[in-house]
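Working notes, structure below.
The values are calculated or read from the model by the stated rules, or taken from the named source; none is laboratory data. Predicted, not measured: the structure shown is a model, and the values here were computed from it. Every residue, glycine among them, receives a Cβ derived from its backbone with ideal geometry; neighbour counts consider all protein chains shown. With ligands, DNA and RNA removed, areas are computed over all heavy atoms of the protein, side chains included. Shrake-Rupley method; radii C 1.70, N 1.55, O 1.52, S 1.80 Å.
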Amino acid sequence: MQVAALMIVASGAAHAVVNAILKSGRDKMSSRALLDGFSALLVFPAAFFMPLPHGAWGWLAASGLTHLVYLTCLVKAFESTDMSVAYPIMRGLAPVLAAAGAVLAFGEHISPVTVLGVALVSCGVVIVGAGRGVNRRSLLWAAGTGVTIAVYTVIDAQGVRAAPSAGSYIVWVFLLLGIGVGGVFALWRGPAFLVAARAEWRAGLTAGALSILTYGLALWAYRLGDTPRLAALRETSILFALVIAVLVLKEPVTRARAAGAAVIAAGAAALLLSAG
């Protein structure tokens with residue numbers, strides 16, 4: 001459905017902004033704890049008006065555990081290398097693995113055009129990050145992030161379909177992330193979290209609100225459409241990240257970045273056309 005495709009593209013745009021805010025934070029683990037905590041606080045009132053996610057509790061538990069590993073890898077990747085290096089690697093791996101998982105584990109349909117689009121988006125994202133030095137440790141953290149993105153994408157796509165409504169699942173995902181992951185990260189950082197909270201609460205609140213928008217839209221889209229195509233289409237977030245890098249951060253546009261962006265755009269076009 002084109003509606004789901006448009007929702008996932010909007011999700012990708014917001015996702016690029018959230019990650020730029022996270023990367024800019026001095027204490028990235030504390031920044032992530034603030035982000036998830038504010039997201040939980042913002043969605044909490046909605047929990048009183050949404051049905052409980054009966055039928056999706058197992059998916060929510062699996063999602064929470066996977067997000068804990070994912071966000072730990074993400075923070076470590078951002079701590080050890082530039083966003084322009086880590087982001088393409090992690091986002092390039094995810095759609096291929098998510099598509100494979102959705103097809104092999106849950107029998108979701110994937111058309112030849114979707115396969116082409118997934119391949120183009122993944123290749124384009126990796127090209128964007130090519131030519132930049134990355135050490136073995138940073139590569140492993142980024143790759144671990146990509147693998148866990150694929151895992152939680154498949155889990156949440158199934159979970160949001162099993163819940164009574166998309167809104168119910170979305171609210172409880174953010175509540176679990178805020179209480180679980182946010183709480184773990186805050187305790188992990190200890191007193192340093194309180195220092196970061198005083199200095200960065202405004203950025204955390206902004207990123208927390210945008211996080212609800214980006215993943216809320218993605219989950220709603222997964223309820224409406226097929227996971228392989230939508231998971232790949234969400235990785236067009238790298239295009240928005242490039243625009244932010246050029247216009248806001250004043251980073252140069254290298255040939256690799258320009259070529260990668262063109263390949264991603266071609267893949268996105270194929271994925272949009274495959275909506276039928």
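Observations, loosely collected:
- Counting only whole DSSP H helices of the chain, the ones at least 18 Å long by C-alpha along their axis and with mean Kyte-Doolittle hydropathy no lower than -0.5 are 2-24, 28-43, 57-80, 83-106, 112-128, 136-162, 191-224, 255-273.
- With the convex hull drawn over the C-alpha atoms of region 142-276, the volume per residue is 142 Å³.
- Label separation (A105 vs R26): 4.0 nm, computed from points 7 Å beyond Cα along the C-beta direction.
- Loop-resident sites, region 40-107, for chymotrypsin sites (Phe, Trp or Tyr not before Pro), counting at most 10 other Cβ within 10 Å (DSSP): F49
- When exposed loop sites are taken as trypsin sites (Lys or Arg not before Pro) in a DSSP loop with at most 12 other Cβ atoms within 10 Å, the longest stretch of the chain clear of them is 27-249.
- Protection proxy ranking for 241-247, 174-180, 154-160, using the average of other Cβ atoms within 10 Å per residue and placing the highest first: 154-160, 174-180, 241-247.
- Assigned charges on the beta-carbon of Lys, Arg, Asp, Glu; the chain dipole about Cα centre (debye): 560 debye
- Modelled spin-label separation between V113 and A192, with each label point placed 7 Å from Cα along the Cα-to-Cβ direction: 4.9 nm.
- Mean-position separation - Cα centroids, region 27-53 and region 205-273, in angstrom: 23 Å
- Note on the chain: GNM, Cα springs under 10 Å; of L116, L34, L74, the largest mean-square fluctuation is that of L116.
- Solvent accessible area, Å² - L52, 1.4 Å probe, full protein context: 80 Å²
- Between F48 and T254, the contour length at 0.36 nm per residue exceeds the alpha carbon distance by 69.2 nm.
- A 1.4 Å probe run over the protein chains yields, for the chain, 42 Å² of accessible area per residue, whole-number rounding.
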